[in-house]
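As structure tokens, the structure follows; a few thoughts come after it.
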Amino acid sequence: MTPPVRAWGRVLERRKAAADTFWIEVDCPSIAEHARPGQFVMLGTGLSDVAAPFLPRPFSIGAREDDGRLGFLLRVFGAGTRHLSAVGPGDDLLMLGPLGRPFSLPADRSIVCLAGGVGLAPFLFVGAEARSDEREVRIVYGERTGDRVFDPELIRRITGVEPDLRTEDGSLGRRGLVIDDLDLDDRPQLLACGPDPMLRACNDLALRHDLPLQVSVEEHMGCGVGTCQGCVVLSAEGEWIKSCTEGPVFDSRELAWRT
Amino acid sequence: MADLSQRLLGATFQTPVLLASGTCGYGEEYASLIPLDEIGGLVTKAVSLEPRPGNPPHRVAETPGGMINAIGLQNVGLDRFRSEKLPWLRENLRSARVLINVVGHSAEDYEAVVSGLDSDDGFLGYEINVSCPNVKDGTLFGTDERALSELVKDLRALTDRPLVVKLTPNVPDIGVYARICEEAGADGLSAINTFPGMLIDVEARRPVIGNVSGGVSGPAILPMGVYLTWRAAAAVSIPVIGIGGIRSGSDALQYILAGASLVQVGTALFVDPSAPVQVQAGIAEYMERHDVARVADLVGALTIPERE
């Protein structure tokens with residue numbers, strides 16, 4: 001893996017893409033150059049921004065363009081994401097990346113991305129990458145309600161893929177969950193990112209169908225580079241392993257799935 | 001250009017800015033992000049005799065002006081530190097000084113780590129951690145005057161390398177503990193470790209941190225760190241290393257004026273890995289602006305006005 005870079009990135013575009021949800025494009029060639037799908041970037045506003053919540057936040061890379069642009073999906077959950085999502089064109093973000101282990105996309109299977117909420121972000125990049133490699137890729141994307149669904153037109157623009165939408169209230173796309181009514185006959189590689197209960201359900205699905213699954217996990221993070229050891233998850237061997245450097249992408253068999 | 005070097009603990013520190021234990025791993029993790037050999041030095045993640053698994057998540061959470069952590073001293077243990085981590089430090093840190101943070105459940109544990117490391121190359125000395133708030137016996141030695149004195153004496157008998165004791169803020173008078181360390185043979189003191197704290201998720205009515213409580217760090221604790229450094233430095237004649245919430249040259253200078261000979265930058269690294277370089281530049285800029293030739297001229301150079 002390429003060592004991470006610290007760089008200031010200039011925000012080029014910010015557009016509202018759903019309720020409390022924004023798509024932000026940042027010019028940062030030094031990080032974009034080596035970014036892989038599944039990797040993340042720590043985004044912050046730096047030490048001199050005393051009004052900011054203290055720590056930077058990890059974001060999956062949602063898009064990477066050859067001109068050095070990176071795209072991020074930001075949803076407001078608390079003070080940190082609210083502060084970051086308020087940036088606009090011309091503002092600078094302090095960036096650290098690319099970080100973590102990317103998805104490993106096998107050559108001999110199609111790819112099914114299971115995305116819950118902002119767990120969509122890495123699959124925008126996966127979708128675009130797989131398409132450019134002429135790989136078959138499906139994006140199954142679920143939200144609780146239709147107002148939170150990330151603009152499907154933007155998904156098509158970024159990935160070239162028509163998303164298979166699901167909402168729990170049925171207000172947009174099919175009513176139900178991302179694991180419902182999936183055609184898995186071609187024995188695809190499953191990739192999943194979303195809330196813990198969803199990842200558990202995806203793991204159950206993979207076990208039931210004996211399919212390979214990679215998950216991108218999220219845990220509270222301090223440094224992003226493996227020093228603070230704050231972001232651990234439990235391995236199948238019962239050890240605490242760092243989601244920042246050993247993950248965030250894990251083969252499902254590497255993790256303990258006990259409740 | 002201002003001369004930032006400081007001579008103490010039998011060595012020259014090219015600048016007074018070190019990286020704090022627990023925030024810079026074993027150095028290698030930050031190799032592409034921090035010019036490690038251009039700063040004063042670093043203090044490693046704690047090393048214990050046996051590897052430690054650490055605490056369950058969440059291990060970190062943000063709080064206004066800082067963060068709370070309860071990692072639980074997860075580390076690779078003495079043997080793997082010697083075989084996997086120390087060689088990298090030896091190879092890559094030629095000008096920056098390395099202190100190894102040492103932790104143990106018992107005096108025998110501390111002694112075994114120091115004995116196990118002492119003949120190795122690649123580091124200057126030890127920072128003895130008697131002040132971790134996140135494990136059951138983490139502050140055992142740091143809050144018991146007799147146990148602290150005996151531990152420092154035992155370690156003093158084992159090594160000629162510099163022994164720095166990292167103090168806990170969680171005592172009524174840090175000066176008492178500072179003097180105990182000095183009398184027992186310590187060469188220096190680090191002030192301070194994190195403050196015990198707690199955050200509660202009110203929706204879930206559960207502690208945010210898996211360990212229930214954790215240690216608070218970051219700018220929120222800067223005034224307490226400056227005060228406790230001032231108190232510790234006033235109580236002893238050995239050098240004090242100031243720690244707590246430093247993110248600028250001005251923050252570092254508060255500690256130095258309070259009596260710190262060196263400072264450590266910790267949590268600020270997570271906000272920006274260039275923090276130590278910014279802190280160094282800030283100190284240099286101050287020295288030029290105030291026509292100060294040496295950092296030593298600023299150590300403890302605080303003027304407290306007479307009361308009318």
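Any read-out appearing in this document is the output of simple, stated calculations on the displayed coordinates, not a laboratory observation. The shown structure was predicted, so the numbers you read here are calculated from the model rather than taken from an experiment. In this analysis, Cβ positions are derived from the backbone assuming ideal geometry, glycine residues included, and neighbour counts consider all displayed protein chains.
How compact is the range A:18-98 by the rule of thumb for globular proteins, expressed as Cα Rg over 2.2 N^0.38 Å? Don't skip to the end; give the middle numbers.
On the way: Rg = 12.1 Å, N = 81, 2.2 N^0.38 = 11.7 Å.
Expressed relative to 2.2 N^0.38 Å, the Cα Rg reads 1.03.
Which value, to two decimals, describes the C-alpha radius of gyration of the range A:160-259 once divided by 2.2 N^0.38 Å? Walk me through the numbers on the way to the answer.
Working: Rg = 15.3 Å, N = 100, 2.2 N^0.38 = 12.7 Å.
The reported ratio for this selection is 1.21.
Other protein chain C-beta atoms within 10 Å of residue C-beta, averaged over A:227-240: 6. All other residues with a Cβ under 13 Å from the Cβ of B:Val152 taken together, and with Lys, Arg as +1 and Asp, Glu as -1, what is their net charge? Neighbour charge sum, excluding B:Val152 itself: -4. Residue exposure proxy: A:Lys16, B:Lys153, ordered by other Cβ atoms within 10 angstrom of their Cβ from fewest to most, comes out as A:Lys16, B:Lys153. For the pair the range B:184-261 and the range B:59-116, the centres of their Cα atoms are 18 angstrom apart. Between the Cα long axis of helix A:121-132 and the first principal axis of chain A there is an angle of about 70°, rounded to the nearest 10.
Compute the Rg to Rh ratio over the range B:6-297 from the alpha carbon atoms, using the Kirkwood formula for Rh, and round to two decimal places. Intermediate results must be reported in sequence, preceding the final value.
Numbers: Rg = 17.7 Å, Rh = 18.8 Å.
Ratio of gyration radius to Kirkwood radius for the range B:6-297: 0.94.
If you model the range A:167-225 as an ellipsoid using its alpha carbon gyration tensor, with each semi-axis the square root of five times an eigenvalue, the axes come out at 23, 18, 9 Å, biggest first. Here the Karplus relation 6.51 cos²θ - 1.76 cosθ + 1.60, evaluated at θ = phi - 60°, turns the backbone of the range A:56-66 into coupling constants of x, 10, x, 10, 4, 6, x, 6, 9, 10, 5 Hz, with x for every Gly and Pro. Using a Gaussian network model of chain A in which every pair of alpha carbons under 10 angstrom is joined by a spring, one finds that among A:Pro56, A:Pro89, A:Pro197 the greatest mean-square fluctuation is at A:Pro197.
Listed values for the range A:251-257 are Karplus-derived 3J(HN,Hα) couplings in whole Hz (6.51 cos²θ - 1.76 cosθ + 1.60, θ = phi - 60°), namely 5, 4, 6, 7, 10, 7, 10, and x replaces Gly and Pro.
Please report the antiparallel percentage of DSSP beta bridges with both residues in the range B:6-297, rounded to the nearest 5.
Working: 17 of 45 bridges.
Counting DSSP beta bridges with both partners in the range B:6-297, the antiparallel share is about 40 percent.
In plain terms, if you count all Cα to Cα distances in the protein assembly as shown and split them into 20 Å steps from zero, the share in each step is 21, 50, 24, 4, 0 percent.
Rank the residues B:Tyr26, B:Tyr110, B:Tyr227 as a footprinting-exposure proxy: fewest other Cβ atoms within 10 Å of their Cβ go first. Let's see the in-between values first.
On the way: B:Tyr26 22, B:Tyr110 25, B:Tyr227 16.
With the fewest neighbours first, B:Tyr26, B:Tyr110, B:Tyr227 line up as B:Tyr227, B:Tyr26, B:Tyr110.
Comparing A:Pro212, A:Pro122, A:Pro98 in a Gaussian network model of chain A (Cα springs below 10 Å), the most mobile by mean-square fluctuation is A:Pro212. Equivalent-ellipsoid semi-axes for the range A:106-152 (Cα gyration tensor, √(5λ), whole Å, largest first): 23, 10, 8. Each listed q (0.09, 0.14, 0.15 Å⁻¹) maps to a log10 I(q)/I(0) for chain A, found by the Debye formula over equal Cα scatterers with no solvent: -0.36, -0.93, -1.08. Couplings 3J(HN,Hα) for the range B:292-308, derived from phi with the Karplus relation 6.51 cos²θ - 1.76 cosθ + 1.60 (θ = phi - 60°), are 9, 7, 9, 4, 4, 5, 9, 5, x, 7, 8, 9, 9, x, 5, 7, 5 Hz, where x marks Gly and Pro. Distance between Cα centroids, the range A:209-256 to the range A:36-74: provide it in whole Å. Here the answer is 20 Å between Cα centres.
How much of the DSSP bridge set in the protein assembly as shown is antiparallel, in percent, rounded to the nearest 5?
Working: 54 of 105 bridges.
Expressed as a percentage, antiparallel bridges in the protein assembly as shown total about 50.
Counted over the range B:145-269, the DSSP beta bridges are approximately 35% antiparallel.
Taking amide H atoms as placed 1.01 Å from N in the peptide plane, the amide H of A:Val5 lies under 5 Å from those of A:Gly97, each 5 or more residues away in sequence or on another chain.
Evaluated with a Cβ-only charge set (Lys, Arg +1; Asp, Glu -1), the protein assembly as shown carries a dipole of roughly 580 debye about its Cα centre, given to the nearest 20. The amide H of B:Thr23, built 1.01 Å from its N in the peptide plane, has no neighbour under 5 Å, considering only residues 5 or more places off or on other chains.
When cysteine pairs in the protein assembly as shown are screened for C-beta atoms closer than 4.7 angstrom, the residues that find no partner are A:Cys28, A:Cys113, A:Cys193, A:Cys202, A:Cys231, A:Cys244, B:Cys24, B:Cys132, B:Cys181. Seen from A:Thr167, the other residues with C-beta closer than 15 Å to its C-beta sum to a net charge of -3, counting Lys and Arg as +1 and Asp and Glu as -1.
Here B:Val76, B:Val165 are placed in order of increasing Cβ neighbour count within 10 Å, fewest first, which gives B:Val76, B:Val165.
Each semi-axis of the equivalent ellipsoid for the range A:64-195 is √(5λ) with λ an eigenvalue of the Cα gyration tensor; in descending order they amount to 25, 20, 13 Å.
Regarding the range B:140-290, what is the average projected area of its C-alpha convex hull, in nm²? Present the calculation step by step, with values, prior to reporting the outcome.
Working: hull surface 43.6 nm².
Quarter of the Cα hull surface area: 10.9 nm².
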